[in-house]
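The values are calculated or read from the model by the stated rules, or taken from the named source; none is laboratory data. Since the structure is predicted, the reported quantities are computational estimates derived from the model, not experimental observations. Ligands, DNA and RNA are stripped out before the accessible areas are found, and what is left, the full protein with its side chains, is counted by its heavy atoms. Shrake-Rupley method; radii C 1.70, N 1.55, O 1.52, S 1.80 Å.
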Amino acid sequence: MPAPADAAPAPAPVPPKRRRRLPVVLAVVLLLVLAGVGVVITRPGPVAGWLGDDAGAGPTAAGVNPDPDPSDVLAGPDQNAPLPTADGVRAVLDPLVGVAALGSRVNVSVADVISGQTLFAKGADDGTVPASVTKLATGVTALAARGPGYRIPTRAVAGAKAGEVVIIGGGDPTLAIDKKGYYPGAARLDDLAAQVRTALGGATPTSVTVDGSVYSGPVYGPGWDDDIPTGGSGGAVTALMTDGARRDPGVDHGAAERFAEPDLAAGKAFARLLGVPTDAVKRGTAPAPAQAAAGGTPAPGAELGVVQSPPMIRLVDIMISESDNLVAEALARQVALARNQPASFDGGAAAMDAQVAELGLPADEITLSDGSGLSRRNRISPSLLTDLVRLAASPDHPELAGVFGGLPVGGWSGTLDERYRNTPGTAAGAGSVRAKTGTLTAVHSIAGLVTTADGRLLTFAVLTDRVPGGKETAQPALDRITAALAGCGCG
């Protein structure tokens, strides 16, 4: 598929622009007190140390034989390490960012996390199609708007008619039917059904109404490729769904067949749990609460039960570690709801842009159409991403540090699990690069954190949206750039 028509020609390298510096210190700024929300994030790689985890306690992913050895992967950064020079970084990166495999438009930003000094900039302020790197912005804005401990409710209320139960979707994409759900720790419909039966006493439910009215607008995103709704990486975005709209919650990570109408599928699953025929399930809206009827029968609109999603910090962790597009779209809508905007693609994108501006970042360098990065209309500059990462590490915003927990580690986890292992010129990135990746046809990106050979912590973003070939050539080229930073003294 061709690159976006409005993508401008690759600019010539320009001197680094001086950007607003954020007050950041190393190591302790990424300590996040999670006891208040009941979550502990433990991950391999240097960020485990930055989040205050015991270096020896980082678990490996099930079934993964870690490479390199954990003792190397878990080495922490040195806040007294020497700062690379801009000339040194340029000498290392210039030959790598111009390779043919990355195409004619390669925009890059590299900055020091402590000082904020720009070390390398090439088209750094130019809006570029980011693909799934968009999820860094989604995670930060969701944590800022809702807070790390916020949980998304799924409620059941009494309907207007006798025997009618209304299930109100609040936008929790991880909701499970039972204990066999896809997402660990998810809220469950069987728990909600048990609450409803208790609330109804001896009354028998006869119908289920699905209220997903908290969301509005199209269920598929603007700028999505035609195959996304059916290809397994995306799906219809509705306020009620189970297991990220997956038909089979037992499927492994990655693409999966999705329900075309996730809200009705979830409503029918709920009906079966209540003993209601599935042909008695329909869409509608919950009635306004009314005065209780005689005899103790729940009044229309009376709450019959509620279950809560995992906390926001855990949802962000899931979104980033699995690059989960349906979770991302749900979180974008949570930003919209928190900012009193319509919970739609347009409302979520506008709310995220506004949240970025409220955080003091250059909002003119981000224009979004969705929260997942599936849209080719999204534009983010590399320098906005490095600013975003530094802000999340700031002591002024400890609530944003949860964005780091799910970042894949080079050669170890997530979308970087198989990278930095066997490709020449990339070994230094194993265990030292922690980043979000992005992939669409002709678009490849990576952004995150890297610890240099001297122990200095840098943030980087490399965005390309005119790649002539596939990921087989583009991803190794990106990995060589980030591995060069990892192996760099660059004094």
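Each listed q (0.11 Å⁻¹) maps to a log10 I(q)/I(0) for the stretch 271-367, found by the Debye formula over equal Cα scatterers with no solvent: -0.57.
If you take the alpha carbon atoms of the stretch 217-277 and fit the smallest convex hull around them, that volume is 86 Å³ per residue. With a 1.4 Å probe and every protein chain left in place, tell me how much accessible area THR437 has, in Å² to the nearest 10. So the heavy atoms of THR437 present about 10 Å² to solvent. With semi-axes defined as the square roots of five times the eigenvalues of the C-alpha gyration tensor, the equivalent ellipsoid of the stretch 408-483 measures 20, 13, 11 Å, largest first.
Considering only the Cα atoms of the stretch 86-169, their convex hull presents on average a projected area of 10.3 nm². With Cα atoms defining each centre, the stretch 365-424 and the stretch 201-261 are spaced 25 Å apart in the structure.
Roughly what % of Cα-Cα distances in the stretch 161-288 sit above 17 Å, to the whole percent? Summing the P(r) tail past 17 Å for the stretch 161-288 gives 58 percent. Geometric descriptor of the stretch 75-121, per residue, is 96 Å³ (volume of the convex hull of the Cα atoms).
Only protein heavy atoms count here; on that basis, with a 1.4 Å probe, ARG105 has an accessible area of about 10 Å². Per residue, the average separation of C-alpha pairs within less than 8 Å and at least 6 apart gives the stretch 161-244 a relative contact order of 47 percent. When the residues LYS122, LYS268, LYS179, LYS135 are ordered by accessible surface, computed with a 1.4 Å probe over the protein chains alone, the sequence from largest down reads LYS179, LYS268, LYS122, LYS135. Counted residue by residue at 0.36 nm each, then reduced by the alpha carbon distance between them, the extension gain from VAL251 to ASN80 reaches 57.0 nm. For LYS135, give me every one of the lysines with a C-alpha distance below 23 angstrom, ignoring sequence neighbours fewer than eight places off in its own chain. LYS135 reaches LYS122, LYS436, LYS471. Taking the three principal axes of the alpha carbon atoms in the stretch 69-210, the coordinate ranges are 77, 38, 28 Å, sorted in descending order.
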